[in-house]
Amino acid sequence: MDARFLGITELTEVPSVAVVIDVMRAYTVAAWAFGRGAEKIVLAESLDEVRALKAVHPDWVALKDGPPAEGFDAVNSPGLLRSADLGGRTVVQKTTAGTVGALAVKDASLVLCAGFVVAEATARVLRRRECDAVTFVVTGEDGRAEEDLACAQYIARRAAGEEVDAADHLRRAMESRAASELTEGVREGAHPDDVALCVELDRFPFAMVAAPDDSLMVLRPYAVPR
């Protein structure tokens, strides 16, 4: 498998297959939302779009980066979301990097969104579809986020059928700048357990596939046969 690892700004063409990585925290949060029963997640382009969708669909769950804010129901924290009852609900998510990355490759034939919590299921999709070329979108820090790159490289190796010791990849994530900022309270809207939850390997058995749905980009869980 030919794997490329690019930041969002380095995307010069639409890839055939894209895996969008945001470990801390967008796609860990998305996986937890599905784990708590959410039916789908709308990936919004802006906070204004989230507010507009919420106005039309007041039962939808509006989620954003940073501290709690009026008009929003949740923040981008797995530790804060893990106790939520989202059974059958639609979540509207806008984050600094993760949602931006998915929207940047929305015209790809296959878009997977991932973190360590769905790593093996994501790799299994790529193996089953026999993808020859995959672009991994490393969303954090203009493509340099160590936690995202470590996760992308791990999934790429597993997709290629390699037996991989995950310990080094997880260590890189735990020692990343993002992990330090979460631990030290630099990032608002966080929970003390967020880093640990973001490096919980294969917590969920599903992959997450994003695809256009009318005018929206919608993320859904995808059960991968073993």
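Considering only 56, 29, 19, give the residue with the highest GNM mean-square fluctuation for the chain, with springs between Cα atoms whenever their separation is below 10 Å.
Largest GNM mean-square fluctuation: 56.
With charges only on Cβ, +1 for K and R and -1 for D and E, what is the dipole size of region 95-226 about its Cα centre, in debye, rounded to 20?
So the magnitude is around 520 debye.
What's the magnitude of the charge dipole for region 1-51 around its Cα centre, counting Lys and Arg as +1 and Asp and Glu as -1 at the beta-carbon? Answer in Debye, nearest 20.
300 debye
Going by a ≥ b ≥ c, the root eigenvalues of the Cα gyration tensor, does region 17-158 fall in the rounded group (a/c under 1.5), the prolate group (a/b larger than b/c) or the oblate group?
Cα axes put region 17-158 in the prolate bin.
Quick one: net charge around residue 127, please, counting Lys, Arg +1 and Asp, Glu -1 for every other residue with C-beta under 14 Å from its C-beta.
+1
With a sphere of radius 15 Å drawn around the Cβ of residue 44, what net charge do the other residues whose Cβ falls strictly inside it have (Lys, Arg +1; Asp, Glu -1)?
Taking every other residue near residue 44 into account, the sum is -2.
For region 118-149 and region 23-98, write down the distance between their C-alpha centroids in whole Å.
Computed from Cα coordinates, the inter-centre distance equals 22 Å.
Show me the GluC sites (Glu not before Pro) within region 143-226 that DSSP assigns to loop and that have at most 15 other Cβ atoms within 10 Å of their Cβ.
Answer in residue order: 162, 163, 175, 184, 188.
Nothing charged except the Cβ atoms of Lys and Arg (+1) and of Asp and Glu (-1): what's the magnitude of the dipole of region 2-223 about its Cα centre? Round to the nearest 20 debye. Walk me through the intermediate numbers first.
Numbers: 24 positive and 36 negative charges, 101 e Å.
Approximately 480 debye in magnitude.
For residue 145, which sequence-distant residues (separation of 5 or more, or a different chain) have an amide H within less than 5 Å of its own amide H, given hydrogens modelled in the peptide plane?
For residue 145, the qualifying residues are 140.
Restrict the search to region 9-58; then list the GluC sites (Glu not before Pro) that DSSP places in a loop and that have at most 13 other Cβ atoms within 10 Å of their Cβ. Walk me through the numbers on the way to the answer.
Details: sites: 10, 13, 39, 45, 49; in loops: 13, 39, 45.
Sparse-neighbourhood loop GluC sites (Glu not before Pro): 13, 45.
By per-residue mean of other Cβ atoms within 10 Å, what is the highest-first order of 205-218, 129-142?
Numbers: 205-218: 15.9, 129-142: 19.6.
For the peptides 205-218, 129-142, the packing ranking is 129-142, 205-218.
Among 225, 154, 198, which residue has its Cα furthest toward the positive end of the charge dipole of region 135-226, with +1 on Lys/Arg Cβ and -1 on Asp/Glu Cβ?
Comparing the listed Cα positions along the dipole, 225 ranks first.
Contact order normalised by length for the chain, with contacts defined as Cα pairs under 8 Å and 6 or more residues apart; what percent is it?
Working: 499 pairs, mean separation 72.9, N = 226.
Rounded, it is 32 percent for the chain.
Readers should treat all values here as calculations from the given coordinates under stated rules, not as data from a laboratory. A quick note: this is a predicted structure, and the numbers were derived from the prediction, not measured. A quick note on method: Cβ atoms are made from the backbone with ideal geometry, for glycine too, and the neighbour counts reach across all protein chains shown.
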